[in-house]
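Reading through the structure tokens given below for one structure.
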Amino acid sequence: MKMVMIYADTFEYVPMEKTLEEFETIEHGETFNQILVGFIQVEETDEEDINGVEKKLVKNLKWAAGKNNTKRILLHSFAHLSESKADARFTKEIFNLAEIRLKNARYEVFQTPFGYFLDLNFRAPGVSQARIFKSF
């Protein structure tokens with residue numbers, strides 16, 4: 001898994017083009033404030049250990065959220081960090097499991113629409129912990 005975590009003062013998305021028909025249709029975007037956005041690429045080798053990968057994902061998101069003093073996390077599928085890609089259904093399952101675990105730990109958790117190209121607009125502060133890369 002590869003992940004870039006960006007703390008955003010504001011983050012907005014608008015669905016533009018649906019690329020994976022098997023996932024939910026979303027017609028409207030959303031705007032979030034004071035949120036950690038995880039730009040996440042699940043890789044093919046991650047399919048060998050769903051529980052281990054999901055636990056590491058949650059651990060890293062919680063750590064970065066704490067560094068940025070937020071309990072709000074947005075999961076965003078971002079298949080541009082590696083040439084290796086897991087199956088889309090597997091990636092969505094990881095996201096859903098991570099969302100449940102984070103909510104059980106009292107985080108507010110959201111997901112961008114899965115299987116879409118999105119228009120993105122965000123503002124991130126210029127501090128060192130606002131942008132973090134992880135590979136595991």
The lone condition Lys103 fails out of (1) under 17 Å from Asn60 (Cα atoms); (2) basic (Lys, Arg); (3) in contact (Cβ under 8 Å) with a residue 40 or more places away in the chain is (3)
Output for Cβ contacts, cut-off 8 Å, separation at least six or different chains, first residue over 27 Å from Tyr13 (Cα atoms) and touching a residue at least 40 places away in the same chain (Cβ under 8 Å) in segment 36-49, second surrounded by fewer than 21 Cβ atoms within 10 Å (Cβ to Cβ) and β-branched (Val, Ile, Thr), reads none
Does Ser77 count as farther than 17 Å from Phe11 by Cα and either in contact with a Pro (Cβ under 9 Å, 6 or more places away or on another chain) or not β-branched (Val, Ile, Thr) (or both)? no
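Picking from Val127, Val109, which residue would you name as being of a type in the set (Val, Ile, Thr) and at pLDDT below 95? Give the derivation first.
Numbers: Val109 fails: at pLDDT below 95.
Just one listed residue meets the conditions, Val127.
Any chance segment 2-13 includes a residue that's touching a Ser or Thr at 6+ places or on another chain (Cβ under 6 Å), polar (S, T, N, Q) and under 20 Å from Asp119 (Cβ atoms)?
So the first thing to find is which residues in segment 2-13 are touching a Ser or Thr at 6+ places or on another chain (Cβ under 6 Å), and the list is 2, 12-13.
Checking which are polar (S, T, N, Q) leaves us with none.
No - not one qualifying residue is present in segment 2-13.
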The condition from (1) over 14 Å from the mean Cα position of the chain (by Cα); (2) surrounded by fewer than 16 Cβ atoms within 10 Å (Cβ to Cβ); (3) not hydrophobic (A, V, I, L, M, F, W, C) that Lys59 misses is numbered (1)
When every residue in segment 64-89 that is modelled with pLDDT of 95 or more and loosely packed, with under 14 Cβ neighbours inside 10 Å is compared, the one farthest from Arg101 (Cα to Cα) is Asp87
Does Asn33 qualify as being closer than 16 Å to Gln111 by Cα, surrounded by fewer than 17 Cβ atoms within 10 Å (Cβ to Cβ) and out of contact with any helix residue (DSSP H, G or I) (no Cβ under 7 Å at 6 or more places or on another chain)? yes
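The values are calculated or read from the model by the stated rules, or taken from the named source; none is laboratory data. For clarity, every value in this text was computed on a predicted model and none was experimentally measured. Please note: Cβ atoms are built from the backbone with ideal geometry, for glycine as well, and neighbour counts cover all protein chains shown.
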